[in-house]
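Down below is the structure, laid out as C-alpha cells.
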Ligand code: F6P
C-alpha cells in the first residue's frame, strides 16, 4: 500500500495548491464557468450532492483522483468489502457492509447475518404488538447508543405512536435517574446494548436498572430485559436470556445495522428497518461500483484530504437542516474522530500530516443563531456541510420553505460574502449612526469564499437515511485509507479507561501517594 505522501500526485497537489489552490476564488470560478454546478454535482442513491461551492477546480479533481489511484484505493476497497483483514491491530475483518447485503447475496456470512436479523426483527415486531410494553430503554454507550439514538428521532414519522424510546448512556447517575421515575416495571423493556458487555458505563447502568426493576416489584427479567452483544455468555451471566448476537467484524461505531439496531426496529418496524438496510446497501453498491470520479463517498473523502492537508483546515461543521437529525453531528463525531483520529500509520510510523478534522455542528437553523457568526466572519475557514431535505414529514409547509431558504442562504452567504464597499453603500442601522462609516463597513463586511457542500435528500426516509449514513462511513474510510491509518481500531480510548480503573479504589482508600500533584490535589478536594 502506498501512503498519500509517497505519491507523485501528492507532490503535484502541493504544487497546484501553491500555484492556484491557495488563492482559488469561488465567485470567480462560478463567473468563469456557467456549467460549474453541473460539473461538480453528483447523484448517489438517496443523496444528491452539490460540491460546486468547494475550493476545487478540474485540476484539483484530476490530481485528487490520481492520488486515489496511486494509493490503490479501488483494490483496498475491494479487499475490505470481500472481508480481507482490514483491522490489523485488532486482528479482525471489517464487514459491516455484510450486515446490509440482501438475503442470498454472495456476501460473507450472509446466512448467519440473516438468521440473526430475522430473529431480531421478529422480536421487534413481537414487542411492537405487545400493548403492555410502553417504554423501551436502550442502555449502551458510543456505538451501542449513538446510532439508535440518532436514527430513532430522525425517523420519527415512521414510528409507532404511544411508545416511548429512552436512551441511557452516561455513567453519570443523572442520566438513568432522569429516566427511571418515568417507568413502570410491567410496562418497560430494557435493552442492554454492548458489543463487549464489559463497558463500565453500560454495566453500571444495567445493574442500576435491574436493581430498580426488582425494588419496584418487577418480575420476569426474561420478558423485561434483552441484550444485544457479541458476548452472549456475559449477557447470560447477567441474567438475560433474550439475546441477539453479532460478530467481532462489526466495529462499535458501524453497528447500528446489526442487533444493536433493535431499538430502531422496535421504533419503526421490521419493514422500515429492512428499508434502512436497503438504503445502506444501495450506497455500498455505489461505493463499490461507481467510477472514482462519480463516486460520492470517494469524492467527499478526497475533498477532506484536500482541505485537511493542503488548505490546513482543522474542522468541518455539519449543519443538518432537519430537526430529526439533531444527533447526527454527535453520531458523526464518533464515526469520524474515533476512526481517523490517529497519529501513526498502519506500520506504526508517526504521520507527518494532519488526520481527522474536528467534526461538530447543530441542526439548522439553531446553529445560525449561535456559532454561524464565526463561520461567516471568524479568522478560521471551516467548511460546512449542509443537509437539506426537500419534503417535510409535517404539514407546516410555510415553515419548511423558510427552513430550506435559510439553508440555501447560509451556503450562499458563506460563498458570496460582502465587501466593505458593498457594506458602505447599505443603509447603516440607527444605533450605529455615530460610528465612522468606513469602520462600520469593515465590521459589516464578509470575506466570503468560504466553502460548503450541500447534500440534498428528497425526503428523510429509512432508505435515504440508510444511504446517508453509509455515505459517511465510506467517506471516512476513504480519507483514512489515503492517510494510511487503521480506521477501525480505537486504542486512544484505552488509557483513560485504565487510569480510571486505577483511580477508583483510591476514592475508598483515600490514598493519593504516587499520583501527579494535580490529580492528587483534585482528589483530595473531592474527598474532603
Ligand atoms: O469508546 C470506546 C468504545 O469501545 C467504542 O468504540 C464503542 O462503541 C463503545 O466503547 C461501547 O463499547 P461496547 O459496545 O463494547 O459497550
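The values are calculated or read from the model by the stated rules, or taken from the named source; none is laboratory data. Computed from a predicted model, the values in this text were never measured in an experiment. Here Cβ is always computed from backbone atoms with ideal geometry, including for glycine, and neighbour counts include all displayed protein chains.
Points to keep in mind about this one:
- Residue in region 369-382 that is part of a helix (DSSP H, G or I) and within 16 Å of the ligand (Cβ to nearest atom) present: no
- Residues of region 323-355 that turn out to be surrounded by 21 or more Cβ atoms within 10 Å (Cβ to Cβ) and more than 23 Å from residue 465 (Cβ to Cβ), as a count: 2
- Boolean, residue 42 is out of contact with any strand residue (DSSP E or B) (no Cβ under 7 Å at 6 or more places or on another chain) and assigned by TED's automatic domain parsing to the domain that holds residue 309: no
- Test: residue in region 397-408 that is more than 28 Å from residue 271 (Cβ to Cβ), in contact (Cβ under 8 Å) with a residue 24 or more places away in the chain and assigned to a loop (DSSP other than H, G, I, E, B): no
- For the residues 198, 188, the requirement of being assigned by TED's automatic domain parsing to the domain that holds residue 226 and within 15 Å of the ligand (Cβ to nearest atom) singles out 198.
- Residue in region 206-220 that is farther than 20 Å from residue 134 by Cα, in contact with a helix residue (DSSP H, G or I) (Cβ under 6 Å, 6 or more places away or on another chain) and either within 12 Å of the ligand (Cβ to nearest atom) or part of a loop (DSSP other than H, G, I, E, B) (or both) present: no
- Any hit, region 123-140, residues being assigned to a helix (DSSP H, G or I) and within 16 Å of the ligand (Cβ to nearest atom): no
- Among the residues of region 446-480, those identified as in a helix (DSSP H, G or I) and touching a strand residue (DSSP E or B) at 6+ places or on another chain (Cβ under 9 Å) are 464, 465, 467, 468, 471, 477.
- Tallying residues that are over 20 Å from residue 361 (Cα atoms), part of a helix (DSSP H, G or I) and within 16 Å of the ligand (Cβ to nearest atom) within region 141-175 yields 2.
- Check on residue 503, surrounded by fewer than 24 Cβ atoms within 10 Å (Cβ to Cβ), more than 24 Å from residue 315 (Cα to Cα), within 16 Å of the ligand (Cβ to nearest atom) and modelled with pLDDT of 95 or more: no
- Candidates are the residues of region 307-348 that are under 22 Å from residue 13 (Cα atoms), touching a helix residue (DSSP H, G or I) at 6+ places or on another chain (Cβ under 6 Å) and part of a helix (DSSP H, G or I); the one that is nearest to the ligand (Cβ to nearest atom) is 340.
- Residue 480 within 16 Å of the ligand (Cβ to nearest atom) and either surrounded by 14 or more Cβ atoms within 10 Å (Cβ to Cβ) or assigned by TED's automatic domain parsing to the domain that holds residue 329 (or both): yes
- Scanning region 273-289 finds no residues that are farther than 16 Å from residue 472 by Cβ and outside any helix (DSSP H, G or I).
- Subset of region 228-247 [in contact with a strand residue (DSSP E or B) (Cβ under 8 Å, 6 or more places away or on another chain) and within 11 Å of the ligand (Cβ to nearest atom)]: 228, 229, 230, 246
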